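The block underneath contains the structure these notes are about, expressed in structure tokens.
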Amino acid sequence: MNQLDALKQTTTVVADTGDFRQLAAFQPQDATTNPSLILKAVQKPEYAPLLHETVTTYRGKPLDEVVDRLLVRFGTEILSIIPGRVSTEVDARLSFDEDATYTRAERLIELYQAAGVPIDRVLIKIASTWEGIRAAERLQQRGINCNLTLLFSFCQAVACGQAKVQLISPFVGRIYDWYKKQAGTAWDEAAMAGANDPGVQSVTRIFNHYKRHGIATEVMGASFRNIGQITALAGCDLLTISPELLGQLAATEAPLPRALDADAAKALDLPAVQYDEAAFRLALNQDAMATEKLAEGIRAFIADAEKLEALMQAA
């Protein structure tokens with residue numbers, strides 16, 4: 001049995017791509033997208049017609065609406081291939097505006113419903129800012145499920161659990177990147193691999209906290225740099241993985257034991273934690289890695305959203 005098949009026995013495998021033609025080969029349950037992945041996809045010849053068709057059909061409409069229609073078009077194509085859910089992201093420029101995030105999420109769901117997609121097959125992706133988490137809490141109360149992304153710290157995960165969001169996407173690779181860069185020449189790749197990887201440790205702590213305290217929010221590890229990070233999180237609720245790393249797992253025959261165990265976590269001596277707004281902002285501020293990576297991630301998604309808009313205006 002290859003490692004991809006073995007992983008599917010303990011964890012829901014999610015494909016992280018806008019390139020939906022690759023999906024069938026790996027048979028993931030769910031799929032996630034983001035502005036950067038959609039931008040990458042529409043620059044390929046096989047996806048360019050989707051962009052042109054959307055722009056032509058809705059020419060004259062506000063640009064933000066046309067972008068949302070393109071995102072939903074990709075999402076519906078993905079849902080025709082996979083059995084589960086697709087994650088579609090709210091414009092990152094709204095990351096600090098609770099009401100605007102809520103309104104944009106509602107529109108995305110309305111566009112999916114107009115395309116005949118049931119509400120339970122869509123996750124609205126929102127950055128894990130305080131405002132994003134508050135918008136997600138309101139959306140969840142309306143039955144709109146959310147995926148809180150750009151999550152780098154324990155306090156973000158705790159606040160998402162308090163808000164009863166459906167799912168969080170704690171980032172592994174970007175945490176690893178930060179610590180590796182900080183260490184410079186002192187970084188020891190072998191010593192910091194597997195369970196010692198700082199990104200793996202972050203997700204493990206969140207997973208154990210949720211399971212110990214009966215928090216129903218799903219944990220989906222994201223942003224992987226190598227298959228060692230993935231195998232060290234086998235047993236996590238879900239893992240969202242790029243097609244390249246899915247291919248590496250499918251080509252590897254080594255055994256894949258469960259690394260995270262919900263039942264074992266229930267027996268751990270972990271204190272209950274809660275954050276109000278002031279405590280959340282302080283805890284995030286005190287975590288230099290999370291502060292820097294959250295800001296950098298939002299900036300990068302905004303830059304790619306602007307590039308996508310420029311492509312659409314030129315189409």
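Tabulated data for the structure shown
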read-out	value
Any hit, the stretch 64-85, residues being open to solvent by less than 20 Å² (accessible area, probe 1.4 Å), outside any helix (DSSP H, G or I), closer than 19 Å to residue 241 by Cβ and in contact with a helix residue (DSSP H, G or I) (Cβ under 8 Å, 6 or more places away or on another chain)	yes
The stretch 208-225 residues that are under 20 Å from residue 175 (Cα atoms), paired with ones that are part of a strand (DSSP E or B) and open to solvent by 10 Å² or more (accessible area, probe 1.4 Å) (beta carbon under 6 Å, 6 or more apart)	222/171; 223/171
Residue, least open to solvent (accessible area, probe 1.4 Å), within the stretch 263-315, restricted to residues that are outside any helix (DSSP H, G or I) and small (Gly, Ala, Ser)	315
Options 214, 221, 199: the member that is surrounded by fewer than 24 Cβ atoms within 10 Å (Cβ to Cβ), at pLDDT 95 or above and touching a helix residue (DSSP H, G or I) at 6+ places or on another chain (Cβ under 9 Å)	214
Odd one out for residue 260, checked against (1) surrounded by 21 or more Cβ atoms within 10 Å (Cβ to Cβ); (2) outside any loop (DSSP other than H, G, I, E, B); (3) more than 18 Å from the chain's Cα centre (by Cα)	(2)
Of residues in the stretch 236-249 being open to solvent by 10 Å² or more (accessible area, probe 1.4 Å) and under 19 Å from residue 147 (Cα atoms), the one farthest from the chain's Cα centre (by Cα)	237
Residue list for the stretch 142-155, restricted to those being open to solvent by less than 10 Å² (accessible area, probe 1.4 Å), closer than 12 Å to residue 203 by Cβ and over 12 Å from the mean Cα position of the chain (by Cα)	153
Failed item, numbered, when residue 177 is tested on (1) touching a residue at least 40 places away in the same chain (Cβ under 8 Å); (2) surrounded by fewer than 23 Cβ atoms within 10 Å (Cβ to Cβ); (3) within 18 Å of the chain's Cα centre (by Cα); (4) within 20 Å of residue 12 (Cα to Cα)	(4)
Flag if residue 105 is crowded, with 16+ Cβ neighbours inside 10 Å, of a type outside the set (Phe, Trp, Tyr), touching a Cys at 6+ places or on another chain (Cβ under 8 Å) and farther than 19 Å from residue 39 by Cα	yes
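One line per residue, one yes/no per condition, for (1) open to solvent by less than 40 Å² (accessible area, probe 1.4 Å); (2) more than 21 Å from residue 315 (Cα to Cα); (3) outside any loop (DSSP other than H, G, I, E, B):
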residue: 6; (1), (2), (3): yes, yes, yes
residue: 13; (1), (2), (3): yes, yes, yes
residue: 22; (1), (2), (3): no, yes, yes
residue: 28; (1), (2), (3): yes, yes, no
residue: 36; (1), (2), (3): yes, no, yes
residue: 40; (1), (2), (3): no, no, yes
residue: 46; (1), (2), (3): no, no, no
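The values are calculated or read from the model by the stated rules, or taken from the named source; none is laboratory data. Note that the coordinates shown come from a computational prediction; the quantities given were computed from them, not determined experimentally. Here the Cβ is made from the backbone with ideal geometry for all residues, glycine too, and neighbour counts use every protein chain on show. What goes into the accessible areas is simple: the full protein's heavy atoms, side chains included, and nothing from ligands, DNA or RNA. Shrake-Rupley method; radii C 1.70, N 1.55, O 1.52, S 1.80 Å.
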